[in-house]
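The values are calculated or read from the model by the stated rules, or taken from the named source; none is laboratory data. Quantities reported herein were computed from a predicted structural model and do not represent experimental measurements. Neighbour counts are summed over all protein chains in view; Cβ atoms, including those assigned to glycine, are modelled from backbone coordinates with ideal geometry.
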Amino acid sequence: MSDDTNNENLDDTTNATDRTGNDATVDFGDEFGIVKFADDDDSAPAISFPENQTDQLPHWTEPPTGELPKFVMASEDTISPTPSAGASRPPINLTGSTRRVEPASAPPPVARPAREGRISIGSDPTGERNRPDSSGSLPRRDVSGSLRRDDTGSSQTARPTQVRRARPSDRSDSGTGPRPRPRTAAARTNTGSRMTSSTQRDLPTATAVGALLAAVFIAAILVGPVAVMILLILVLGLAAVEFFTQASTTGYQPALIVGVVGCVAAPLAAYWIGDAALPLVFVFAFVAGAISFIGANSVESGPVPNLGLTLLGLVWIGLFGSYGALILRLSNSGPGFENIGTDTLFILVIGIIANDTAAYFVGAATGRTPLRSWISPSKTMEGFVGGAIGTFVAVIAVGLQSGTWTKLSEWLVIAFVISIVGPIGDLTESMFKRNMDIKDFGTVIRGHGGALDRFDSMLFALPFIYYITLVLTPWTS
């Protein structure tokens, strides 16, 4: 009974076509579903070999030959098979075609004509084609590709001309237009200092002119503070004209009118109102200088460096010189103060002259160690020491005759300040001249150069002496 039931179930799960042999399908119920088997003819073998026995694999009992079996017949359009062990490998065809071309020798290079008048970017300037020969000329390639020399036979190679930005030759209405640079830089040594000129200082003329200036100054002292103030204004105005004129002839274009007027107006305002007027003077000068460059034709006027140079002259000459006017103004403080300003300025002038003179003679006789060789090789440490000694001697000698400065401590302080600040002012002026490639700012004072060349040390010493006067208050003694 059970066997009949199983057979009956098997008959139910098998497709009827299975009984005929045409289709094999088995129903596994809800778990796997119906599975259908392939009905292809499996009578043929899975692997077949051609009838040509030469293409079949050798029998496993035969010894190995070391060669790979050949399955594809070599033809003209196919790549050669892998060579056997020990044989040379043929070159690989990278052209992309199936036909392998193996020329007997490499083709000659194709000569291209050189394109004249063009610049080759990225070429090696040290290549064989660009190296000059012993005559200095560069070989060139002609149209055929062969090298040829320069026809001119010149021993110097042509260099490209330097490109310069064009500047207008005329000056603008504001007076800030560019001017040509008329002179070349002076010859310099390997340390950067200018070579010594063949012309030496005319000592007799310098001594005579110095004595004349001293006489004029003493005469103004005897007259009073107003006469000394007039002399100070003349010196500062002349120094300002020298500075801005020389700056204009060396390639710069400062606001000349603004600079000169400011250098004269600052000491006048200081003598009239006091040091409180100086900030306003320089504010007006800066605004006027800026307006003059705003009125220029273009940015070629160089507003930044030229306005900066204008302010340099205003500070160096106008501001520093204003302290001379402030020293003279002390004489107008009231009864009993009439000689304070003139005595202080007189002792300062004598100390500066003594420092310069002693430094010159001691440096010329024993000078070996330059202070700053790139600025002025003639200024030496020996001259600096000699100038300091001369300053102390002169200040003490004048102080003994002074009714204002009567203490030794005061004389020593003034002499010390002059000995330090005076050479710094002299070096600063020489540094500016070195940078501008000029010998002197002017020639109005024979044997001394210009007014700025003569009073450069005094300009630096004036602010220090003024504040020393306020601190020490010599009128209390």
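Screening Ile414, Ile396 for residues that are of a type in the set (A, V, I, L, M) and surrounded by fewer than 20 Cβ atoms within 10 Å (Cβ to Cβ) leaves exactly one candidate, Ile396. Residues Ala388, Ala451: which one is hydrophobic (A, V, I, L, M, F, W, C), on the phi < 0 side of the Ramachandran plot, crowded, with 20+ Cβ neighbours inside 10 Å and free of Cβ contacts under 8 Å to residues at least 60 places away in the same chain? Being hydrophobic (A, V, I, L, M, F, W, C), on the phi < 0 side of the Ramachandran plot, crowded, with 20+ Cβ neighbours inside 10 Å and free of Cβ contacts under 8 Å to residues at least 60 places away in the same chain holds for just one of Ala388, Ala451, which is Ala388. Among the candidates Gly302, Gly341, Gly324, Gly387, the residue that is of a type outside the set (D, E, K, R) and more than 30 Å from Leu400 (Cα to Cα) is uniquely Gly302. Of all the criteria given as (1) surrounded by fewer than 20 Cβ atoms within 10 Å (Cβ to Cβ); (2) on the phi < 0 side of the Ramachandran plot; (3) of a type outside the set (Phe, Trp, Tyr); (4) at pLDDT below 95, the one not satisfied by Thr342 is (1).
On the given criteria, is Thr369 surrounded by fewer than 21 Cβ atoms within 10 Å (Cβ to Cβ), closer than 23 Å to Ile424 by Cβ, modelled with pLDDT under 95 and touching a Ser or Thr at 6+ places or on another chain (Cβ under 7 Å)?
Values: surrounded by fewer than 21 Cβ atoms within 10 Å (Cβ to Cβ): yes; closer than 23 Å to Ile424 by Cβ: yes; modelled with pLDDT under 95: yes; touching a Ser or Thr at 6+ places or on another chain (Cβ under 7 Å): yes.
Yes.
Screening Phe282 with (1) outside any helix (DSSP H, G or I); (2) among the hydrophobic types (A, V, I, L, M, F, W, C); (3) in contact with a Leu (Cβ under 8 Å, 6 or more places away or on another chain) gives one miss only, at (1). For the structure I just gave you, tell me whether Leu452 is touching a Phe, Trp or Tyr at 6+ places or on another chain (Cβ under 7 Å) and under 28 Å from Gly251 (Cβ atoms). So Leu452 fits the description; yes.
Sub-6 Å Cβ pairs linking a first residue in the stretch 293-315 that is over 24 Å from Pro279 (Cβ atoms) to a second residue that is surrounded by 22 or more Cβ atoms within 10 Å (Cβ to Cβ), at least 6 apart or interchain, are Ala296/Thr176; Ser301/Thr176; Ser301/Phe293, ordered by first then second residue.
Contact map, the stretch 221-249: residues that are in a helix (DSSP H, G or I) and surrounded by 18 or more Cβ atoms within 10 Å (Cβ to Cβ) paired with residues that are at pLDDT 95 or above and hydroxyl-bearing (Ser, Thr, Tyr), Cβ distance under 6 Å, separation 6+ or inter-chain. Pairs shown: Met229/Tyr271.
Restricting the stretch 251-279 to residues that are out of contact with any helix residue (DSSP H, G or I) (no Cβ under 6 Å at 6 or more places or on another chain) and not in a helix (DSSP H, G or I), which is farthest from Pro463 (Cα to Cα)? Checking each candidate, the answer is Gly251.
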